[in-house]
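As structure tokens, the structure follows; a few thoughts come after it.
The values are calculated or read from the model by the stated rules, or taken from the named source; none is laboratory data. Quick caveat: nothing in here was measured; it's all calculated off a predicted structure. We place every Cβ from the backbone using ideal geometry, glycine too, and count neighbours over all the protein chains shown. Surface areas here come from the heavy atoms of the whole protein model, side chains and all, with no ligands, DNA or RNA. Shrake-Rupley method; radii C 1.70, N 1.55, O 1.52, S 1.80 Å.
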Amino acid sequence: MPHRLSHWLMLGVLVALWGSAFAFAKVAVETVAPEWTMAGRLITAAALLLPLTLVMRRSLALGNEAWGWFVALALVGNIAPFFVISWGQQHISSALAGILIGFTPLATLAIARIFVPEDRITPMRIAGFAIGFAGLVVVIGPGALADLTAGGDRLLGQFAVLAGAFFFACNNVMARRAPDMPLVAKSSGVMLAGALIGTAMASTATPPAALAEAGTASLLGVAGLGIFSTGLAALIFFRLVDKAGPTFVSLTNYLVPVFAAVAGYLVFGEELKFRVLAGLALILAGIAISEWRRVTD
């Protein structure tokens, strides 16, 4: 059956929330260490969602199975990918990292075929995803692919970012397979688990006292990451993956770099190249083709 208009609207909002993370992070890491930026966004998201859980009279006393899922989703969807991608970007360009993360929709398609049988693989869907990936390469710049021939640490960096894409794909499918529970409780539980784990990891790497030297702008950047790109995004992500499926949600990985490029142009005055618009046209064409089956079913 075709996706509803509400699904497309939620997809667009999710792209905007995740795409804005690049701008928030750019400000945050100026005076806040990357590990505390990661932990801070999760702490802020938990602080946003937990009161909402209480207001809506939802309980987080959901049993060991639910908390096992919260921890797993926090690790696979937040902690692990953030860590390996950050490590990988020390050795490869951000442009190449963006292309490698673009494998998330293809990986999601393959994994969902096994664990979410209703998310079918069709020739049109494969063709659409391939065209969308080509559009992503155009957006970021084909020149970034030159690093693929490098070895040593660069090769390890590439594998690290690919691992991050695989984690994101697994998270998409796991979120669909998680037990049925109230949306706000699921989102709050995952953010709380992530905040606790992330804080422990950040404290091990950098003493919390270092935050005393953080600038106001950076702290606001962390808050923006937590409120918009993490907390609110979690609510929409879990809602959308339940209603439209993990493969549909994974299309955000093609659109987020485009949004980030446009936001960079509007907010920071960065150059907006013609290839971004050309790549966007390819991405939209790929999405249309991948969803054509649903329209004609």
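Tabulated results
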read-out	value
Whichever residue in the range 106-124 is under 19 Å from Ala165 (Cα atoms), of a type in the set (Val, Ile, Thr) and in contact (Cβ under 8 Å) with a residue 24 or more places away in the chain and, among such residues, is most open to solvent (accessible area, probe 1.4 Å)	Ile111
Close pairs (6 angstrom Cβ cut-off, 6 or more residues apart or separate chains): within 20 Å of Trp87 (Cα to Cα) in the range 152-178, aromatic (Phe, Trp, Tyr) and part of a helix (DSSP H, G or I) anywhere	Ala160/Trp87
Any hit, the range 56-71, residues being within 30 Å of Ala195 (Cβ to Cβ), over 16 Å from the mean Cα position of the chain (by Cα) and of a type in the set (Lys, Arg)	yes
Filtered residues of the range 187-234 (kept if within 11 Å of Thr37 (Cβ to Cβ) and outside any helix (DSSP H, G or I))	Thr206, Ala214
Sole exception among (1) open to solvent by 10 Å² or more (accessible area, probe 1.4 Å); (2) farther than 25 Å from Thr199 by Cα; (3) under 19 Å from the mean Cα position of the chain (by Cα) for Leu96, by number	(1)
Sole residue being open to solvent by less than 40 Å² (accessible area, probe 1.4 Å), among the aromatic types (Phe, Trp, Tyr), under 30 Å from Leu155 (Cβ atoms) and in contact (Cβ under 8 Å) with a residue 60 or more places away in the chain, chosen from Phe103, Phe129, Phe70	Phe129
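Residues are listed down the side, and each one gets a yes or a no for (1) closer than 27 Å to Arg120 by Cβ; (2) buried (at least 16 other Cβ atoms within 10 Å of the Cβ); (3) not β-branched (Val, Ile, Thr):
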{"residue": "Thr247", "(1), (2), (3)": "yes, yes, no"}
{"residue": "Leu255", "(1), (2), (3)": "yes, yes, yes"}
{"residue": "Phe259", "(1), (2), (3)": "no, yes, yes"}
{"residue": "Gly269", "(1), (2), (3)": "no, no, yes"}
{"residue": "Leu272", "(1), (2), (3)": "no, no, yes"}
{"residue": "Val276", "(1), (2), (3)": "no, yes, no"}
{"residue": "Ile283", "(1), (2), (3)": "yes, yes, no"}
{"residue": "Glu291", "(1), (2), (3)": "yes, yes, yes"}
